[in-house]
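Shown next, in structure tokens, is the structure this report addresses.
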Amino acid sequence: MSRDSGTFSIDFLVGFTIFIIAFIWVVSLIPGLLINLQGYTIDYDAVAYRTGVILVEDPGEPSSWEVAGYDMDWNKADVDRFGLAVSRNDPNILALDKVNRFFDNTFIYPDDYHNLVIFGDYPYRFNISLRQIGSTGSARHIGEVLPEGYGYIRRFVKIKSMSYATIDGSNPALNSEGYINGDNETTHIFAILLNNTGLIGKESQVRDPAYQIIPAKESFMINLTFLSSTMWPDRESCFNISLKSGDVCVSDGSNQRNIDELIIDEVPVYLTNTPKTVKYNVSILYNTTADRKGVNWDASQIYIYFKFKLDYTNPGCACPPPTCQGSRFLNSTLKTPSDHPFDYNYTSNKVTQPQLRDAVVEVAVW
């Protein structure tokens, strides 16, 4: 009879050890072998980064996508891409009108934004916000409430503000500059020249779009203040200053269009055939997001005309009619017709140039 032994042979121990080592090695290789079989993982940080680059470094396609009309259903097909930059040569400098159009809800959320700035077939959700540094106002945003986890990018940018002119009627220099004319006239015309040749053409002193005044593509504002101060001192209380529809217009030299949306004494009004009284100030905020049809804004010279009417209304005035039928007033046409408009340019101390203001754009994608 053979005797059974409870001990392992040396061959068995060696073979078992080799098996265990080989098994552990194979197990360690399995995750690497199956890596290409795992589900697709989206890098949301990369999507957020790409979106941020498109927004702050590109003006969009077309580059004037923010102007009136492109937000309409029949014209949306002409917009291929949103972009907030002033130009491709000015990355991280955003155009104010593009920012306003992007955040003003005239495009449809989320479809238009997904198609024109997020891109891709995956149904990303997102939140895009812009906060102006130093501003007391809240951040502007488009999108959904942020979840627990998401891809994220922050870009520090500058926003190009609009330019504006303020012509102060109480400034004595206006008289010596030839902008106060007349004596007993009741109708006065004041003209403002937007000289595209000097602002953005070959004669322009400023070549970088980030600092240029570009009336055809950007909003601007004109303020005429303390208008009654341009009358003779003894007649300021004698006359009402009034405007009606057709009294404010813009012309490219060949075509003319009325401007009926004004701000009179800090209140937005719409001019009609019934005259509106102006006590102190009148302003125009001409916005690219408003309809600009009827005038070629790329013409070499654009004129804006104000036609003021002085109406005698105070029987107790120290200088009543017929002695005082009217007064001198803000007027650029009486002495040199059409030759002495106010020049909206880079050198006038009455024109505030575009400013670059610090801001932060944040893009979250999930």
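Say whether the condition of being more than 24 Å from residue 60 (Cβ to Cβ) and in contact with a Pro (Cβ under 6 Å, 6 or more places away or on another chain) is met by at least one residue in the range 194-201.
yes
Would you please name the residue that is surrounded by the most Cβ atoms within 10 Å (Cβ to Cβ), looking only at residues in the range 158-176 that are within 19 Å of residue 103 (Cβ to Cβ) and not hydroxyl-bearing (Ser, Thr, Tyr)? Steps first, answer last, please.
Step one: filter the range 158-176 for residues within 19 Å of residue 103 (Cβ to Cβ), giving 158-162.
Add one more test, that the residue is not hydroxyl-bearing (Ser, Thr, Tyr), and what stays is 158-160, 162.
Values: 158: 19, 159: 22, 160: 25, 162: 19.
Going through the qualifying residues, I end up with 160.
Can you find a residue in the range 94-104 that is without any contact (Cβ under 8 Å) to a residue 40 or more places away in the chain and either within 17 Å of residue 153 (Cβ to Cβ) or of a type in the set (Asp, Glu) (or both)?
The first filter runs over the range 94-104 and keeps only residues without any contact (Cβ under 8 Å) to a residue 40 or more places away in the chain, leaving 98, 103.
Narrowing further to those that are either within 17 Å of residue 153 (Cβ to Cβ) or of a type in the set (Asp, Glu) (or both): none.
Checking the range 94-104: not a single residue is without any contact (Cβ under 8 Å) to a residue 40 or more places away in the chain and either within 17 Å of residue 153 (Cβ to Cβ) or of a type in the set (Asp, Glu) (or both).
In the range 202-225, what count of residues is obtained for those that are surrounded by fewer than 15 Cβ atoms within 10 Å (Cβ to Cβ) and over 23 Å from residue 288 (Cα atoms)?
3
Only one of 155, 101 is more than 15 Å from the chain's Cα centre (by Cα), under 17 Å from residue 59 (Cα atoms), buried (at least 17 other Cβ atoms within 10 Å of the Cβ) and basic (Lys, Arg); which? Before the answer, list the steps.
On the way: 101 fails: more than 15 Å from the chain's Cα centre (by Cα).
Answer to the check: 155.
Please determine whether any residue of the range 114-136 is buried (at least 17 other Cβ atoms within 10 Å of the Cβ) and among the small types (Gly, Ala, Ser).
Yes: the range 114-136 contains one or more residues that are buried (at least 17 other Cβ atoms within 10 Å of the Cβ) and among the small types (Gly, Ala, Ser).
Considering the range 226-267 alone, what residues qualify as being part of a strand (DSSP E or B) and over 23 Å from residue 294 (Cα atoms)? Steps first, please.
Initial filter on the range 226-267 (part of a strand (DSSP E or B)): 239-243, 248-251, 256-258, 261-264, 267.
Answer for the range 226-267, where residues must be part of a strand (DSSP E or B) and over 23 Å from residue 294 (Cα atoms): 239, 240, 241, 242, 264, 267.
When you check residue 190 against the structure, is it at pLDDT 90 or above, touching a strand residue (DSSP E or B) at 6+ places or on another chain (Cβ under 7 Å) and in the same structural domain as residue 303 (by TED's automatic domain parsing), yes or no?
Details: at pLDDT 90 or above: yes; touching a strand residue (DSSP E or B) at 6+ places or on another chain (Cβ under 7 Å): yes; in the same structural domain as residue 303 (by TED's automatic domain parsing): yes.
Here the answer is yes, as residue 190 does meet what is asked.
Across the range 309-366, what is the total count of residues that are modelled with pLDDT of 85 or more, closer than 30 Å to residue 215 by Cα, in a loop (DSSP other than H, G, I, E, B) and not hydroxyl-bearing (Ser, Thr, Tyr)?
Of all residues in the range 309-366, those modelled with pLDDT of 85 or more come to 309-313, 324-333, 340-366.
With the extra rule that they be closer than 30 Å to residue 215 by Cα, the set shrinks to 309, 329-333, 340-362.
Adding the requirement that they be in a loop (DSSP other than H, G, I, E, B) leaves 331-333, 340-341, 344-350, 353-355.
With not hydroxyl-bearing (Ser, Thr, Tyr) added as a condition, the list becomes 331, 340-341, 345, 349-350, 353-355.
Counting residues in the range 309-366 that are modelled with pLDDT of 85 or more, closer than 30 Å to residue 215 by Cα, in a loop (DSSP other than H, G, I, E, B) and not hydroxyl-bearing (Ser, Thr, Tyr) gives 9.
Sort out which residues of the range 204-227 are of a type in the set (S, T, N, Q) and either modelled with pLDDT of 95 or more or not assigned by TED's automatic domain parsing to the domain that holds residue 194 (or both), and write them in order of number. Break it down into steps so the answer makes sense when it comes.
Step one: filter the range 204-227 for residues of a type in the set (S, T, N, Q), giving 204-205, 212, 219, 223, 225.
Selection gives 212, 223, 225.
Answer with yes or no whether residue 66 is crowded, with 17+ Cβ neighbours inside 10 Å, within 43 Å of the chain's Cα centre (by Cα), assigned by TED's automatic domain parsing to the domain that holds residue 115 and modelled with pLDDT of 70 or more. Write out each step before concluding.
On the way: crowded, with 17+ Cβ neighbours inside 10 Å: yes; within 43 Å of the chain's Cα centre (by Cα): yes; assigned by TED's automatic domain parsing to the domain that holds residue 115: yes; modelled with pLDDT of 70 or more: yes.
For residue 66, the condition - crowded, with 17+ Cβ neighbours inside 10 Å, within 43 Å of the chain's Cα centre (by Cα), assigned by TED's automatic domain parsing to the domain that holds residue 115 and modelled with pLDDT of 70 or more - is met.
Where in the range 95-204 are the strands (runs of 3 or more DSSP E), entirely inside, with at least 3 residues that are farther than 29 Å from residue 300 by Cβ?
Details: elements: 126-132, 140-143, 151-160, 163-168, 187-195.
Fully inside the range 95-204 and qualifying: 126-132, 140-143, 151-160.
Yes/no per residue for (1) closer than 15 Å to residue 224 by Cα; (2) surrounded by fewer than 13 Cβ atoms within 10 Å (Cβ to Cβ); (3) outside the structural domain of residue 157 (by TED's automatic domain parsing):
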{"position": "262", "(1), (2), (3)": "yes, no, yes"}
{"position": "268", "(1), (2), (3)": "yes, yes, yes"}
{"position": "288", "(1), (2), (3)": "no, no, yes"}
{"position": "330", "(1), (2), (3)": "yes, no, yes"}
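The values are calculated or read from the model by the stated rules, or taken from the named source; none is laboratory data. Remember, it's a predicted structure, so these values are computed and weren't measured experimentally. Ideal geometry is used to build each Cβ from the backbone, glycine not excepted, and the neighbour counts take in all protein chains shown.
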